[in-house]
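To keep things clear, I will list the structure first and then write my remarks on it.
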Amino acid sequence: MLQLEARHKKILKDIPLRINDIDILLYLQKREVNWEYVQTLKESTQIKDEILSYWLNVNVKTFRSYKKHDQEINASIKEHVLLLLSLMQHGKLVFGTIARFQEWLEKENFFFNNQPPKEYLKTITGIRFVDDRLTAMEYGDNV
């Protein structure tokens, strides 16, 4: 168990803190993004399978099939998981804790067409938009 925790910490430490195309592409080329990354996302955020599968645009059964070590995760899901991990790390930096960031994700927000930001996490563009809002908040935009 401690070895697993150490691997999750290493994954989180190595994730690009800012979402930019070159860092994400290089990361995906150099490392094998696999079920451990999904597990790290789940454990660091306590997000349920149903929500993650919704964000990743797969049904829950398919999502859970990725737990099998021989099951290959397709490239778009690898990228999506990596971006979500990066976003969560950025959110933790801005809000101080994952829990406070998740509260913000749940609340309706003017900048997100009066929807909660979590509704934008189904697409790569949406994740980038949420990340851009976090950056704006770092520079004084407090919404």
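The figures follow:
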{"item": "Within the chain: Cβ-based charge dipole about Cα centre, in debye rounded to nearest 20 (Lys, Arg +1; Asp, Glu -1)", "result": "360"}
{"item": "Answer label for volume of the Cα convex hull per residue in Å³ (calculated), chosen among (i) 137; (ii) 98; (iii) 109", "result": "(iii)"}
{"item": "Where labels lie 7 Å past Cα in the beta-carbon direction, separation of L28 and T62 in nm", "result": "1.7"}
{"item": "Over the chain: helical MRE at 222 nm, DSSP H runs n ≥ 4 each giving -39500 (n - 2.57), nearest 500", "result": "-19500 deg cm²/dmol"}
{"item": "Proximal lysines to K68, defined as alpha-carbon separation beneath 20 angstrom and excluding residues fewer than eight positions away on the same chain", "result": "K42, K48, K78"}
{"item": "FRET efficiency for K122 and A6, using Cβ-Cβ distance with R0 set to 35 Å, rounded to 0.05", "result": "0.65"}
{"item": "Segment F110-V94, extension gain: residue separation times 0.36 nm, minus the distance between their alpha carbons", "result": "3.9 nm"}
{"item": "Formal net charge of residues neighbouring V94 (Cβ-Cβ distance under 15 Å; K, R +1; D, E -1)", "result": "0"}
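Rule-based calculations on the coordinates, nothing more; no lab input. Treat the numbers as computed from the prediction; the structure is a model and nothing was measured. Neighbour counts are summed over all protein chains in view; Cβ atoms, including those assigned to glycine, are modelled from backbone coordinates with ideal geometry.
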